[in-house]
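First up is the structure itself, then whatever we jot down about it.
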Amino acid sequence: MQREHIISTDVLIIGGGVAGCFAAIEAKRRNVDVIIVDKAYAGKSGSSIMASDSWGYFDPKHYDKLDEAIDLVSKGGEYINNREWTRIILKESYSTFQSIISWGVELPVKLDEATTWWRENIAGGVKGRRGDPGYPYFIQAPLRHRKLAPALRRQAERVGVKIIDRVMIIDLMRSEGERAAGAVGLSLNTGDFYIFRAKATVLAAGWTTFKLAAGYHNLALTGDAEAMAYRSGAEITGKEFQESVHFNLADFPYAWKSNAEIYPAYWRFVDAEGKEINPWELGPNSTVFAFHAGRGPIYWDFDDATPEEKEAIQKYIWKRGNPIELERIGFNPFKGGKYRIFGGCAAGSSLPQSTGIWLLDMNCSSTIKGLYAAGDCCATYCWGAIGRLPMPPAGLTPAAVTGRRAGIGAAEYALQAGEPELNHEEVERLKEETYAPIYRRSGFDPRWVTRLIQSIMVPYYILYIKHERRLQAALTLIEFLRDHMVPRLYARDPHELRLAHEVRNMILNAEMILRASLFRAESRGVHYREDYPYRRDPEWLAWTKIKNEKGEMKLYKEPVPKEWWPDLSKPEEERYPFMFPKFQ
């Protein structure tokens, strides 16, 4: 028999990564009660723990060139970045770095050493990598391996934030006045039911993946925030933009962190015939290996690396502070050799900051009063349609900035808002839906349905080389899972109950991805349509929006402000950083 717990707070934060901790710390400074709820363990799970090796920020020495940097981001992001958010995140990036240092986050080397090395080895370009004009304005400061997220948790606890681990939030609640009223959740230890009554709620539960084990992404990132927000009536955006394919070592598929810390410092790839592959020839590296499908095996080639380049690889690992035992797994690029690779280990991942909950303002408010978003589930569009150019990988910095702003916005809203009135019929309905899989005597195992989702969504010809016929075929299958399997998911304990709800969320996100990919009838950034291998300006200088209207998924177009458009009088090859090839 499950017990019921009712907990009241001013601000409820769902997710305890970088965004959630920044939101909690800022909210608590405004003298409100703050609770973080995480379905795993805040500070040791999610994408924050996996990506916390460096912190990107706009170099304050170049503040006088901020407009120039924003222009570079706009071109690199294919002109659908939100320039207001680009400006905010660049301007506030350095202060977030100062914050984490003041909270005890360690650097493996002196900052000036790392800065000099970054300028010489990355900002100046590396072998095989296209020179990115934005790099001179940015710094990627190294952090000690996996020390960031735990330090943020400790800081949150120091200022009085209450953290509840191992409780999965299942759905959001709305009050009778249609404002956010908190959420309901499930204890993964005891199976108890939790009702969190909150004046304001911040969603900071990460992005969407499809649980691929051979990637660096945490297996708990199943699009929970976006799914809950959609079911609650909030608008979602950017689902057609999927994160880069990311490659991994074919013979060591679980050794992602080893190769992740090397590839920015050395880029040389060859196909089975020895022909060199430049990841930047075909545009963003999200699609490069998909374009070479059927032409493998593809090798990461270190045979031609010079002693200086091998030294740069070693320095890159050292500067990022990662104690990696490369020889233990049989991977030693310092001695040369060719290593087979495969792409797609991050397939299904959302494009950070360009996919997620649609924002109404710079306080990270959603379209539901009292509901805020931060981090990877928060769509600022600060980097546009690519996310990796012309900036170094920078998911953590926007997470911190949006977390800080969402925490401030939520706290200020909570200070003037009254207690929300709970809709008790809704609470009972949500409780029934929460436990439905465990009350069934038979049904579909969520692990098996997860494999079905992967088999439908992960192939390169669905996620990366898209075509209307294939997208529609995949959508038909996903709709079948939604209508015939989700209602019959079966669980025997709280852990399997968690898996069942993650499956429900992944299927909903898969449907949004497919519908948005069909809706955007062009190619732009990491969204490539084989049947539309070109950009359609000005028609698609726009953002896509998805909304749940009476149970039906509706899609809309939101035009990018005209003053942010490129100069349409120039040829496309001058307006954009690359041209799309024809896929064969």
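The values are calculated or read from the model by the stated rules, or taken from the named source; none is laboratory data. On a predicted model such as this, the values are computed, not experimentally measured, just so you know. Backbone-built Cβ (ideal geometry, glycine too); neighbour counts: all protein chains shown.
Examine region 456-474 for a residue that is of a type in the set (Phe, Trp, Tyr) and buried (at least 17 other Cβ atoms within 10 Å of the Cβ), and state whether such a residue exists. Scanning region 456-474 turns up at least one residue that is of a type in the set (Phe, Trp, Tyr) and buried (at least 17 other Cβ atoms within 10 Å of the Cβ). Could you say whether any residue in region 539-555 is in a loop (DSSP other than H, G, I, E, B), more than 23 Å from the chain's Cα centre (by Cα) and acidic (Asp, Glu)? For region 539-555, residues in a loop (DSSP other than H, G, I, E, B), more than 23 Å from the chain's Cα centre (by Cα) and acidic (Asp, Glu): present. For residue 68, the conditions (1) crowded, with 21+ Cβ neighbours inside 10 Å; (2) over 17 Å from the mean Cα position of the chain (by Cα) all hold with the exception of (1).
The residues on offer are 209, 287, and the sole one that is among the polar types (S, T, N, Q) and modelled with pLDDT of 80 or more is 209. In this entry, residue 488 is excluded by the filter for residues that are within 16 Å of residue 239 (Cβ to Cβ), of a type in the set (Lys, Arg) and in contact with a strand residue (DSSP E or B) (Cβ under 7 Å, 6 or more places away or on another chain). Residues that are closer than 18 Å to residue 185 by Cα and in contact with a helix residue (DSSP H, G or I) (Cβ under 8 Å, 6 or more places away or on another chain) were ranked within region 419-455; the one that is surrounded by the fewest Cβ atoms within 10 Å (Cβ to Cβ) is 435. Criterion applied to 464, 435 was being more than 27 Å from residue 169 (Cβ to Cβ) and in contact with a Phe, Trp or Tyr (Cβ under 9 Å, 6 or more places away or on another chain), and the one residue passing it is 464. Restricted to region 307-336, and to residues there that are touching a helix residue (DSSP H, G or I) at 6+ places or on another chain (Cβ under 7 Å) and charged (D, E, K, R), the residue that is modelled with the lowest pLDDT is 319. Counting only helices (runs of 4 or more DSSP H) that fall entirely inside region 440-490 and contain at least 3 residues that are of a type in the set (A, V, I, L, M), the qualifying elements are 446-457, 468-480. A single member of 235, 157, 176, 240 is under 23 Å from residue 433 (Cβ atoms), touching a strand residue (DSSP E or B) at 6+ places or on another chain (Cβ under 9 Å), at pLDDT 95 or above and acidic (Asp, Glu), and it is 235. Checking each residue in region 82-140 for being under 27 Å from residue 276 (Cα atoms) and either in contact with a helix residue (DSSP H, G or I) (Cβ under 7 Å, 6 or more places away or on another chain) or modelled with pLDDT of 75 or more (or both) picks out 121, 122, 123, 126, 127, 133, 134, 135. Taking residue 497 as the residue in question, decide whether it is touching a helix residue (DSSP H, G or I) at 6+ places or on another chain (Cβ under 6 Å) and over 18 Å from residue 466 (Cβ atoms). For residue 497, the condition - touching a helix residue (DSSP H, G or I) at 6+ places or on another chain (Cβ under 6 Å) and over 18 Å from residue 466 (Cβ atoms) - is met. None of 468, 496 is among the acidic types (Asp, Glu) and within 30 Å of residue 81 (Cα to Cα) except 468. In this structure, residue 470 does not qualify as within 25 Å of residue 183 (Cβ to Cβ), touching a Phe, Trp or Tyr at 6+ places or on another chain (Cβ under 7 Å) and without any contact (Cβ under 8 Å) to a residue 60 or more places away in the chain.
Taking region 91-112 as the range and being free of Cβ contacts under 8 Å to residues at least 24 places away in the same chain and outside any loop (DSSP other than H, G, I, E, B) as the test, the residues that pass are 95, 98, 101, 102, 112.
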